[in-house]
1. Within the range 87-122, track down each residue that is assigned to a strand (DSSP E or B), over 18 Å from ASP49 (Cα atoms) and modelled with pLDDT of 95 or more.
2. Do we have GLU84 as modelled with pLDDT of 90 or more, acidic (Asp, Glu), more than 12 Å from the chain's Cα centre (by Cα) and within 27 Å of ASN6 (Cβ to Cβ) here?
3. Do the conditions hold for GLY90, that is, is it touching an Asp or Glu at 6+ places or on another chain (Cβ under 8 Å) and of a type in the set (Gly, Ala, Ser)?
4. Taking the range 34-50 on its own, how many of its residues are in contact with a helix residue (DSSP H, G or I) (Cβ under 8 Å, 6 or more places away or on another chain) and surrounded by fewer than 19 Cβ atoms within 10 Å (Cβ to Cβ)?
5. Going by what's in this entry, would ILE2 be described as free of Cβ contacts under 8 Å to residues at least 12 places away in the same chain and not in a strand (DSSP E or B)?
6. Return only the number of the condition from (1) modelled with pLDDT of 95 or more; (2) within 24 Å of ILE122 (Cα to Cα); (3) of a type outside the set (D, E, K, R); (4) touching a strand residue (DSSP E or B) at 6+ places or on another chain (Cβ under 9 Å) that TRP18 does not satisfy.
7. Name the single residue, out of those in the range 29-48 being part of a loop (DSSP other than H, G, I, E, B) and in contact with a strand residue (DSSP E or B) (Cβ under 6 Å, 6 or more places away or on another chain), that is nearest to PRO87 (Cα to Cα).
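The values are calculated or read from the model by the stated rules, or taken from the named source; none is laboratory data. Computed from a prediction, not measured in an experiment: that's the story for all the values here. Cβ: placed from backbone, ideal geometry, glycine included. Neighbour counts: every protein chain shown.
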Amino acid sequence: MIDTINIEEKFNLIDEYWTPKVIGELNGQYVKLAKVKGEFVWHDHENEDELFMVVKGTLFMDFRDGRTTTTKTGEIIIVPKGVEHRPHTGDKEVWIMLFEPKAIQHTGDVKSELTVEEDVWI
């Protein structure tokens with residue numbers, strides 16, 4: 001069945017940070033939503049690019065070359081495969097949408113208390 005997905009309603013079902021939830025699937029990709037706050041772990045994805053769309057707030061992305069990008073509401077950032085990165089938000093809650101291959105590992109080869117092992121649909 002083809003249904004419209006209300007993104008705000010889906011975000012209202014999320015009550016934990018850094019734990020993406022799947023809301024759709026297309027062409028071997030998952031569409032995920034996450035609420036994020038604070039600092040994530042340094043990681044990369046050896047074989048997958050990663051697209052972050054900021055739905056609400058401002059997302060900062062650190063890179064090992066010392067750069068930090070700023071992505072605001074309505075903007076996207078694409079992190080190419082193999083590029084080590086660390087997303088963070090300061091102390092503000094940020095809502096993001098992710099477009100990722102279904103097989104992507106949440107934190108690449110890095111394991112931490114923030115690593116999500118299994119995808120959950122909402």
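1. If the condition is that a residue be assigned to a strand (DSSP E or B), over 18 Å from ASP49 (Cα atoms) and modelled with pLDDT of 95 or more, then HIS88, VAL94, TRP95 are the ones that fit.
2. No; evaluated as a whole, the condition is false for this residue.
3. No: the conditions fail for GLY90.
4. Total satisfying the criteria: 0.
5. Yes: the conditions hold for ILE2.
6. (1)
7. Of everything passing the filter in the range 29-48, PHE40 is nearest to PRO87 (Cα to Cα).
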